[in-house]
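*Asks:* Dumping the structure here so I can ask a few things about it.
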């Protein structure tokens, strides 16, 4: 090896060792890499001006293609998942709106990374795999701010970049995990600076693919915090959309540092019930504004509810209909072995309500589907739990809310406990100790349309035990987080868990059902953290963590539960 080249090599290895030593100090790491590798200064940060967004595409045909081994299309709706790519053909096969930032080939959408052509807050997830390292350092703050602009307040940014520490270790060792050389001395006069695109430009370099910056975890976290992302966590390759869509892209190589970033979670808050006078005034104004109110069918799956059904029927009978909507109630008995069916049958002739009784195979999802297919009206579709009690205003309020908010796909009443407070159900009695709920709670829900119209219903019926968790992931992925909204002031009362054993079974049920959702459509796994609720008090968090550990070792199907729905 020539003496001059050996000297250069030794000097650059020394530089790499120094960079590695400061990689956990973001400001020092940024300054050092610019001085040692790029010879740049940091006096050029600026903030981009606002843009005029154009909104979402109307169909998926021209905006994304599915070609992964594990996925198939389950919706014709363009997803609320944005994938930012930099020229890779593989990433254009992801179940997302794919934007090519490279201006190469025939991309779905071409855009500047710092000027995305989308409205604010429309995406549940924005993903960028091996994109950010190609952005000029001066543009990184404005680029991340722009990505945050297009992301929903409660959404998640999912990034993959080359991991500086893995790269440095291989350079220092001189070989990769496959025992091949980490660099080729013969091909470069500045070998270490060009490893994995980390450096100097020359006449052979495609400038689009130059790496303009080297990210350690601390440096990427630093930039994300600057852009308003308070919660930054590492992810695994199995958490990435490419993996779960069966697509091989750069996120899956061993150099990747995978990160998720989100804004601070908002504490859950509930609204109190409306005074009767105020409720009636609200209803009257609604009627004057909406002369043609859509009818509604409420489906009530019932399985061995003889202890609860009389109380539920009573609450249903006293539920107000101040807006004069056409309502029908379809009870679906699904495999009952007690007196539930007889109690309902005897009650129907004495009721003022429009009640129908039908049967289905065992299972809540099959019962819900059977009830919908048995309806007389073709308006809104509701689902009610037979072991709960409705506040008299709840049905009217949900109905009015869905009419007044055309962008909302599903709404629900706030679950409210009617039993005693225990340490294990503290969050039900004081909801603000957890972050805001971003999913449907199925005790009293109302859908704009038959939710099965968008879905491959046969597969859903065979795969799921409950519908609300699947629909939560489906709507958040394809319609956005704001497609599911709680109705203000609408309340539904029910019992909660009263001991740790019930809590463990409840968590086990949730884990089992969530796994079914992921098995059915693996890409939904990228929403997992987004749909989780943060717990604030340490004491309650510890109770939940201990129960979750028990649930992991004692997984039981939700159908074995009694009253933890």
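The values are calculated or read from the model by the stated rules, or taken from the named source; none is laboratory data. These numbers were taken from a predicted model, which means no experiment stands behind them. Neighbour counts run over all protein chains shown; Cβ positions are idealised from the backbone, glycine included.
*Asks:* Any residue at all in segment 454-462 that's part of a helix (DSSP H, G or I), modelled with pLDDT under 90 and under 20 Å from the mean Cα position of the chain (by Cα)?
*Replies:* First, pick out the residues of segment 454-462 that are part of a helix (DSSP H, G or I): 454, 457-462.
Remaining after also requiring modelled with pLDDT under 90: 454, 457-462.
In the following step, the residues that additionally are under 20 Å from the mean Cα position of the chain (by Cα) were identified as 454, 460.
Yes, because at least one residue in segment 454-462 is part of a helix (DSSP H, G or I), modelled with pLDDT under 90 and under 20 Å from the mean Cα position of the chain (by Cα).
*Asks:* Can you say whether residue 432 is in contact (Cβ under 8 Å) with a residue 60 or more places away in the chain, on the phi < 0 side of the Ramachandran plot and within 21 Å of the chain's Cα centre (by Cα), as far as the supplied structure shows?
*Replies:* Numbers: in contact (Cβ under 8 Å) with a residue 60 or more places away in the chain: yes; on the phi < 0 side of the Ramachandran plot: yes; within 21 Å of the chain's Cα centre (by Cα): yes.
So residue 432 passes the test.
*Asks:* From 318, 302, 297, 337, which residue is touching a residue at least 40 places away in the same chain (Cβ under 8 Å) and surrounded by fewer than 14 Cβ atoms within 10 Å (Cβ to Cβ)? Before you say what the answer is, go through the steps one by one.
*Replies:* Working: 302 fails: surrounded by fewer than 14 Cβ atoms within 10 Å (Cβ to Cβ); 297 fails: surrounded by fewer than 14 Cβ atoms within 10 Å (Cβ to Cβ); 337 fails: touching a residue at least 40 places away in the same chain (Cβ under 8 Å).
On inspection, the qualifying residue turns out to be 318.
*Asks:* Being more than 23 Å from residue 415 (Cβ to Cβ) and part of a helix (DSSP H, G or I), is that true of even one residue in segment 377-394?
*Replies:* Within segment 377-394, none of the residues are more than 23 Å from residue 415 (Cβ to Cβ) and part of a helix (DSSP H, G or I).
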